[in-house]
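So the structure is just underneath, and the comments pick up after that.
No lab work stands behind these numbers, since they all come straight from the coordinates. In this text, all values refer to a predicted model and were calculated from it rather than measured experimentally. Cβ sites come from the backbone with ideal geometry, for glycine too, and all protein chains shown count toward neighbours.
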Amino acid sequence: MNNKGISICVASAKGGVGKTITTLNLAGIFEVLEKKVLILDFDLTGGGISAALNIPNGKSVYHFAYDYNNNQYQEFKNYVTKYDDYIDVLASPKDPRQALKIDPKYVEIILDKAVFNYDVVLIDTNHDLTDFNILTLDLADTILFLVTNDPLDLKNMRSLISIFKDLNLKNYKVLLNESIFPFKDYFGIYDIKNIIKANIDYVLSKDFYIKNIDNFIMNGKIITLDKKASSVFAKDYTTLMGICTDIFKEGDKHEDA
């Protein structure tokens, strides 16, 4: 393990594109790779990581910020909840009103502490360009943008990519998630690249559409940790594995530099 881990922000230009499920699936792959993972639920007003994993929503981002602000901060491990031997979660606030009380400055403080305690920090966000989310995008080592075959999503993504290019930010990859809307196939890959004015780095295919996904959520299970996942969803499991290994290797190179 490096002295410092890597941070990956899973983001999008629109809601409902599969960010939370993708974050969980990436966490599962990193567990398979025997990496210690923290999932930061920075969807402060509607985060669903704790609910999806059936873990108690105890202390949250709000408690961290409150204690830090009032000189009551304890060890970082006291604010996270364990899912299994490899995955921990720092939950979003139970009460959405608490989100308004969290100063964006705590993004950097939390990330600073997280990357020195974990190999990988996965950040789940919402798509709103709040000060909190903008700072998260700015500070993450890598941003994984999810986009779908949806006209509104593609237009929004084009605007977001344009902003990144104007700011000369290049630390992002684009994941086309065809599994979230398997019956929407308005555009081919070539058309999508032209619309968003960016490359498509990875694709989750329609074959990864999971009809019984509610069963996984109700049971608090991560799809990529299912024993059958690597064979039943071989192509997309390999894609997710590629995403994780690519980003982790890039993080190692940055550390060496």
For this session: For each pair in K59/K94; K14/K184; K155/K193; K4/K35; K35/K105; K19/K101, compute the distance between the two Cα atoms and list the pairs where it is over 18 Å.
Result: K35/K105; K19/K101
Exercise. Looking at region 148-257, which chymotrypsin sites (Phe, Trp or Tyr not before Pro) are DSSP coil and have at most 13 other C-beta atoms within 10 Å of their C-beta?
Worked result: F183, Y186
For this session: Report the one residue of S12, F30, Y83 whose Cα lies farthest in the direction of the positive end of the charge dipole of region 1-154 (charges on C-beta: Lys and Arg +1, Asp and Glu -1; origin at the Cα centre).
Result: Y83
Exercise. Exactly which trypsin sites (Lys or Arg not before Pro) in region 167-257 are in a DSSP loop and have at most 12 other Cβ atoms within 10 Å?
Worked result: K170, K197, K211, K227, K228
Exercise. Going by how many other Cβ atoms sit within 10 Å of their own, how do C9, C244 line up, fewest first?
Worked result: C244, C9
For this session: Could you size up the charge dipole of region 44-162 around its Cα centre, putting +1 on the beta carbon of Lys and Arg and -1 on that of Asp and Glu, and report it in debye to the nearest 20?
Result: 320
Exercise. Residue farthest toward the positive end of the dipole of region 6-251, with Cβ of Lys/Arg at +1 and Asp/Glu at -1: which of S230, F132, P182?
Worked result: P182
Exercise. Taking neighbour counts of Cβ atoms within 10 Å as a proxy for exposure, in what order, fewest first, do I8, I180 appear?
Worked result: I180, I8
Seminar exercise, completed: Connecting every pair of Cα atoms under 10 Å apart in the chain and solving the GNM, the largest mean-square fluctuation among L44, L33, L139 falls on L33
Problem set entry | Estimated translational D of the chain in µm²/s (Stokes, Kirkwood radius over Cα pairs; 10 °C; 1.306 mPa s) | 86
Exercise. Where does each of 11-24, 67-80, 50-63 land if you order them by average Cβ count within 10 Å, highest first?
Worked result: 11-24, 50-63, 67-80
Problem set entry | Restricting region 97-162 to chymotrypsin sites (Phe, Trp or Tyr not before Pro) in coil, as DSSP defines it, with at most 15 other Cβ within 10 Å | F116
For this session: Before anything else, pin down the relative contact order of region 6-251: Cα pairs under 8 Å, at least 6 apart, normalised by residue count, whole percent.
Result: 28
Seminar exercise, completed: By the C-alpha gyration tensor axes a ≥ b ≥ c (rounded if a/c is under 1.5, else prolate when a/b exceeds b/c, else oblate), the shape of region 50-98 is oblate
Seminar exercise, completed: Relative contact order as a percentage, region 64-119, C-alpha pairs under 8 Å and 6+ apart, gives 29
For this session: Can you check how the C-alpha radius of gyration of region 113-215 compares to 2.2 N^0.38 Å, as a plain ratio?
Result: 1.18
